[in-house]
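One structure is given below, represented as structure tokens, and several questions about it will come after.
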Amino acid sequence: MSFFKRLKDKLIGNPTEEKVENLVEEPSTVLKLEETEEPVQQESSHEEVQEKVEESSSEDFIVSQASNVVEEEKQEEVQEIAIVEEPVKEKKPSAWSITQKFKAGLEKTRNSFTSKVNDLVARYRKVDEDFFEELEDLLLQADVGFETVMELMDKLRFEVQRKNIKDTNGIQAIISEKLVEIYEQGEEDLIELNMQPNGELTVILFVGVNGVGKTTTIGKLAHRLKSEGKTVVLAAGDTFRAGAIDQLQVWGDRVGCEVIKQSEGSDPAAVMYDAIRAAKNRRADVLICDTAGRLQNKVNLMNELEKVHRVISREIPNAPHEVLLALDATTGQNALVQAQTFKEVTNVTGIVLTKLDGTAKGGIVLAIRNKLHIPVKFVGLGEKMDDLQPFDAERYVYGLFAEGLDKELQNSEE
């Protein structure tokens, strides 16, 4: 299958299949036996756990003390007949509607970068070394990254020579194809979230500096998972930044998710322990954990994240199942510096690139992927709740060159 045929299938999809997939069944009400538990009295356990945390930084002490509290609060389980409504999944968006989100979200980059490419193509009637040098400068200005640009230019030169291309017509199509090729080369990225099977709790840990839109992204991801029929609990682990707990609570109320929290200044590890216990008691599918984003003291950040990791993995082996780093796309190359720092202190499994709609330098996506070898799992394409979308290389490239690619996509029908 040619690149453009594959691209068209991805961007537009099969309308007939989507119509069938989007049929939403009426919610069914079923009777089933269910074990119910009275809520764990969190406030008293919070105080006792926190006192022990202050006396010792050992996570062993946190877990052992908190476990004793839970043992003392054993409650009788009552088996009863309950009417349970199965969660209703929201209508699945069409392939084309998702493509349009990428097109709209990358408008600033497209208007800046593509207009310059169009001007370059208009000025050069033939593809020569001068043309390649100017194109190289344009790609660097879009924050594509030096290594990625050099690799792309080598591929373009080879393709032009192989196909004996003389003029600049259709050069955008070749650039698009090679950009996708560069992004997808090497090890296969795990773009999908590492969700646990058989109803087991999935723990997602968010990291990132303050101000990148981390808390907002957590709220939007919670909304997305809930729309898929999953039960989500949030953990307010950023106990350092003023207002962080309240901000997460606002998002929890907005999307309908319970937020497990303690007071400002509490030990984040104790919050995570409480959150895991609460998520298990409520039989939640996903626990999303917020964390502090201090980079001023790298040692403190490292120690805090290591402690959080140990508490989580002790309660749930192999957790956290995802460590997502939130980066602000508008910061350009500074985002790379932040990513490198967090990569050194924790095992980042994926990038969430926020505010991609607010920058004219959307090429940072390629720079992150090619330099750090960490997959971009989600991108923020706007302010709406559903504007957080799983990253897709083909849709991303289409968003960069939409107008120029439309003609090639039409020609692929012939």
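The values are calculated or read from the model by the stated rules, or taken from the named source; none is laboratory data. Just so we're clear, the structure is a prediction, and the values are computed from it rather than from any experiment. Using ideal geometry, Cβ is built from the backbone for each residue, glycine included, and neighbour counts are taken over all protein chains shown.
Here are some residues: K355, K384, K361. Which one is touching a residue at least 24 places away in the same chain (Cβ under 8 Å) and either of a type in the set (G, A, S) or over 15 Å from V212 (Cα atoms) (or both)?
It is K361.
Which of the residues belonging to region 142-162 are over 21 Å from E184 (Cβ atoms) and surrounded by 15 or more Cβ atoms within 10 Å (Cβ to Cβ)?
Residue satisfying the conditions is V160 alone.
Only one of I204, I171, I165 is out of contact with any strand residue (DSSP E or B) (no Cβ under 6 Å at 6 or more places or on another chain) and surrounded by 17 or more Cβ atoms within 10 Å (Cβ to Cβ); which?
The unique qualifying residue is I171.
Checking the conditions here, which among G358, G380, G363 is closer than 21 Å to S227 by Cβ and of a type in the set (G, A, S)?
Unique residue meeting the criteria: G380.
Tally time: how many residues in region 367-401 are surrounded by 20 or more Cβ atoms within 10 Å (Cβ to Cβ) and in a helix (DSSP H, G or I)?
Of the residues in that region, 13 qualify.
Now for a separate question. For region 270-296, name all the residues that are among the hydrophobic types (A, V, I, L, M, F, W, C), surrounded by fewer than 24 Cβ atoms within 10 Å (Cβ to Cβ) and within 17 Å of F206 (Cα to Cα).
Once the filter is applied, which keeps residues that are among the hydrophobic types (A, V, I, L, M, F, W, C), surrounded by fewer than 24 Cβ atoms within 10 Å (Cβ to Cβ) and within 17 Å of F206 (Cα to Cα), region 270-296 yields A292, L295.
Same structure, new question: Looking only at region 121-134, filter to residues that are surrounded by 13 or more Cβ atoms within 10 Å (Cβ to Cβ) and either of a type in the set (S, T, N, Q) or touching a residue at least 24 places away in the same chain (Cβ under 8 Å) (or both); which one of those is nearest to N164 (Cα to Cα)?
Looking at residues that are surrounded by 13 or more Cβ atoms within 10 Å (Cβ to Cβ) and either of a type in the set (S, T, N, Q) or touching a residue at least 24 places away in the same chain (Cβ under 8 Å) (or both), I get V127.
Next up: Select from region 323-342 the residues that are farther than 18 Å from T216 by Cβ and not small (G, A, S) and write down the one among them that is surrounded by the most Cβ atoms within 10 Å (Cβ to Cβ).
F342
Still on this model: Here are some conditions: (1) part of a loop (DSSP other than H, G, I, E, B); (2) touching a Lys or Arg at 6+ places or on another chain (Cβ under 9 Å); (3) within 20 Å of H309 (Cα to Cα). F206 meets all but one. Which one does it not meet?
Among (1) part of a loop (DSSP other than H, G, I, E, B); (2) touching a Lys or Arg at 6+ places or on another chain (Cβ under 9 Å); (3) within 20 Å of H309 (Cα to Cα), F206 violates only (1).
Now for a different question. Take K361 and tell me if it is part of a loop (DSSP other than H, G, I, E, B), within 24 Å of T114 (Cβ to Cβ) and in contact with a Ser or Thr (Cβ under 9 Å, 6 or more places away or on another chain).
It is true that K361 is part of a loop (DSSP other than H, G, I, E, B), within 24 Å of T114 (Cβ to Cβ) and in contact with a Ser or Thr (Cβ under 9 Å, 6 or more places away or on another chain).
Can you pull out the helices (runs of 4 or more DSSP H) entirely within region 67-145 that have at least 2 residues that are over 25 Å from the mean Cα position of the chain (by Cα) and modelled with pLDDT of 70 or more?
Once the helices (runs of 4 or more DSSP H) in region 67-145 are filtered for at least 2 residues that are over 25 Å from the mean Cα position of the chain (by Cα) and modelled with pLDDT of 70 or more, what remains is 115-123, 129-141.
Could you list, in sequence order, the residues of region 295-351 that are among the small types (G, A, S) and closer than 22 Å to L381 by Cβ?
Of everything in region 295-351, those that are among the small types (G, A, S) and closer than 22 Å to L381 by Cβ turn out to be A326, A329, G332, A335, A339, G350.
Could I ask something else about it? Could you check how many residues of region 255-289 are in a loop (DSSP other than H, G, I, E, B) and out of contact with any strand residue (DSSP E or B) (no Cβ under 6 Å at 6 or more places or on another chain)?
Here the count works out to 11.
Name every residue in region 307-333 that is more than 17 Å from N347 (Cα to Cα) and out of contact with any strand residue (DSSP E or B) (no Cβ under 7 Å at 6 or more places or on another chain), in order of residue number.
E315, T330, T331, G332, Q333
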